[in-house]
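The values are calculated or read from the model by the stated rules, or taken from the named source; none is laboratory data. This is a predicted model, so every value here is computed, not measured. Reconstructed Cβ throughout: ideal geometry from the backbone, glycine too, with neighbour counts over all protein chains shown. Quick note on the areas: whole protein, heavy atoms, side chains included, nothing else; ligands and nucleic acids left out. Shrake-Rupley method; radii C 1.70, N 1.55, O 1.52, S 1.80 Å.
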Amino acid sequence: MKIVDASVVVASPGRNFVTLRITTDDGVTGLGDATLNGRELAVVSYLRDHVAPLLIGLDPHRIEDTWQLLYRGAYWRRGPVTMAAIAAVDVALWDIKAKVANLPLYQLLGGASRERVRTYGHANGRDLPELFESVRERLDQGYKSIRIQTGVPGLKRVYGVHGEPEVTPDGHPRPLVEDWDTAAYLRHIPTVFEAVRSEFGAELPLLHDAHHRLSPQQAARLGKDLEPYDLFWLEDCTPAENQEGLRLVRSHTTTPLAIGEVFNTIHDFRTLVNEQLIDYVRAAVTHFGGVSPLKKLFDFAAQQQIKTAIHGPEDISPVGMAAAIHLDLAIHNFGIQEYAGYTAATEEVFRHAFTFDDGYLHPGEAPGIGVELDDELAAAYPYVPAYLPVNRLADGTVHDW
Ligand code: KDG
Ligand code: MG
C-alpha cells in the first residue's frame, strides 16, 4: 500500500479549519486536523510545500517511522506550526490504518477503558446574571462540569466574554484589543465563585481558565483564595514555559492545576510532570504532533498520577476532536475532555460518528476516526482572515492573552 495523494482543505464554516486528506493507491483516505488559530496559512504552506511531496510513495502503515522522519528530518524541531503539520499526518495515517483494519481507532489504541467520555463545557457572562444564565444553558445541554469565565468590573473586554472583532477602514481584520488589570481580577474572581457556589450548590464541578495571565506569586494567591470553592481545576495560571515557576504555586495551594494547551512536545512538560507540579496535562492532538506523541505524554504523566484533559475548544476541528475522543476512551489515566461544540455549518461540513449525549462523548464505532469531510460544502466556506485577540494594560503595555 502506498500514499498517492496528500491535499489540504481550508474551510471556514463559522471559523477557519485546516484539514489534511491522505489517499492511498487502494483508494483509502485518512483525515488529520492542522488548524492553528490565527496562523492557519502557515501550516497550510508547511504541509503543501514541504510535507505533501515527501509523503507520496510512502507506506501509510508506517506511522511511527513517518512521524520520526518528519520530526527529525526537518532538523528544526518543535513549534506549533511544525507540530500541527506533523499532527495532521499522524492522525490521517491512524485513520487509514484503522479503516484498513475495519476498526474504530480506539480499538487500535488498546480498546475501551470506559463506556463514555466525561466532558466540561464553557459558561461565560459579563456579569453574574449573564453567567448564571449561561451555566443553566450548559446544564440543560447535559454538561456535568462547567468552566466559569466572567467580566471584571472596570474592564471592558475580558477572555471568554467575547467582543466584536475589529476591522481597518480598508477591511483588513485586526486583533480585538482586550484590557487587563491583574489586581482587579484577583479581587473579583473569588467573589464570582462564591456566588456560583451559592446559586448552584457544592457538588457541581467548576473550572476556571486564568489564560496565562498571572505571575507565580499571583497564581499562588488565586489558588489559595479559591480553595473554599473546591475547583475541579485552575487552568493556565501562569505562562508555563517557565515550568519551574509552578513550584511556588504548588507549594502554596491545593487547588488542582491544569496546564498545556499551548505546548507542543513532551519536553514542555518534563519538569511539570517529573515534580508532579500539575494535576492535568492539557495538550491538544492537533498541536502536539498527533495521537502517537500524545499517548507517550499521557503514559509519562500516568507515572506521577497526573490525568489528562485534551484541549477541545471551537478551534480544534471535528477531525482533531474525534481523534481526541478515541484516545480519551482508550487510555487509563483519562481525566476530562473539553468540548465546546460546533456551529451547524461545521457539523454539515464535517460529518462525524462521535456523539455528545447527557454530557458525555463517545467516538462511535465507524472504522477509522469516524469523520468525513464534504469537499463541495467546504468550498462554499472560503478562508476568512482572522486573529486571536490581544491584551493591554491601562497604560497600553501588552499583557499575555
Ligand atoms: O485559539 C485559542 C483557544 O484555543 C484558547 O483560547 C482556548 O484557552 C482555551 C481553552 O481552554 O479552551
Ligand atoms: Mg485554556
| request: Express in whole angstrom the spacing between the alpha-carbon centres of region 1-29 and region 299-345. | output: 22
| message | Taking every DSSP beta bridge with both residues inside the chain, roughly what % is antiparallel (nearest 5)? | response | 50
| Relative contact order [Cα under 8 Å, 6+ residues apart], region 285-337, whole percent | 46
| request: Using only Cα atoms, tell me the angle between helix 291-302 and the longest principal axis of the chain; keep it within 0 to 90° and round to the nearest 10. | output: 40
| query | How large, in Å, is region 271-401 by the Kirkwood hydrodynamic radius built from its alpha-carbon pairs? | reply | 16.7
| request: Whenever you get a sec, line up Trp76, Trp180 from highest to lowest accessible area (probe 1.4 Å, protein heavy atoms). | output: Trp76, Trp180
| Across region 248-260, in residue order, what do the Karplus-derived ³J(HN,Hα) couplings come to in whole Hz, using 6.51 cos²θ - 1.76 cosθ + 1.60 with θ = phi - 60° and x for Gly and Pro? | 5, 4, 4, 6, 10, 9, 9, 4, x, 10, 10, 8, x
| remark: In Å, the Kirkwood hydrodynamic radius from C-alpha pairs for region 108-366 sits at 19.1
| Using Cα atoms only, what is the angle between the long axis of helix 318-330 and the major principal axis of the chain, expressed in degrees (0 to 90) to the nearest 10? | 80
| message | With θ taken as phi - 60° and the coefficients 6.51, -1.76 and 1.60, list the Karplus ³J(HN,Hα) couplings across region 189-203 in order, rounded to whole Hz; mark glycine and proline as x. | response | 4, x, 5, 5, 5, 4, 5, 5, 4, 6, 7, 10, x, 7, 8
| Heavy-atom surface of the chain, accessible at 1.4 Å and reported per residue (Å²) | 41
| message | Only four residue types carry charge here, +1 at the Cβ of Lys and Arg and -1 at the Cβ of Asp and Glu. Report the dipole size of region 3-105 about the Cα centre in Debye, rounded to the nearest 20. | response | 360
| Contact order normalised by residue count of region 3-105, Cα under 8 Å, 6+ apart, percent | 32
| request: For Glu166 and Phe300, compute 0.36 nm times the residue count separating them, minus their Cα-Cα distance, and round to one decimal in nm. | output: 44.0 nm
| task | Give me the percent of the accessible area of region 3-105 that comes from carbon and sulfur atoms, probe 1.4 Å, all protein chains in place. | result | 54
| Can you give the alpha-carbon Rg of region 103-254 over 2.2 N^0.38 Å, where N counts its residues? | 1.22
| message | With a cut-off of 8 Å between alpha carbons and a minimum separation of six or more residues, what is the relative contact order of the chain in percent? | response | 22
| request: Would you kindly find the accessible area of His50, with a 1.4 Å probe and non-protein molecules such as ligands, DNA and RNA excluded, rounding to the nearest 10 Å²? | output: 110
| request: Sum -39500 (n - 2.57) across every DSSP H segment of at least 4 residues in the chain, then divide by the residue count to get the 222 nm mean residue ellipticity, nearest 500. | output: -10000 deg cm²/dmol
| Residue by residue, what Karplus-based ³J(HN,Hα) values in Hz, rounded to whole numbers, does region 264-274 have, using 6.51, -1.76 and 1.60 with θ = phi - 60° and x for Gly and Pro? | 10, 9, 4, 5, 5, 10, 4, 5, 4, 7, 4
| query | Which whole-number percent of Cα pairs in region 3-105 have a distance greater than 20 Å? | reply | 33
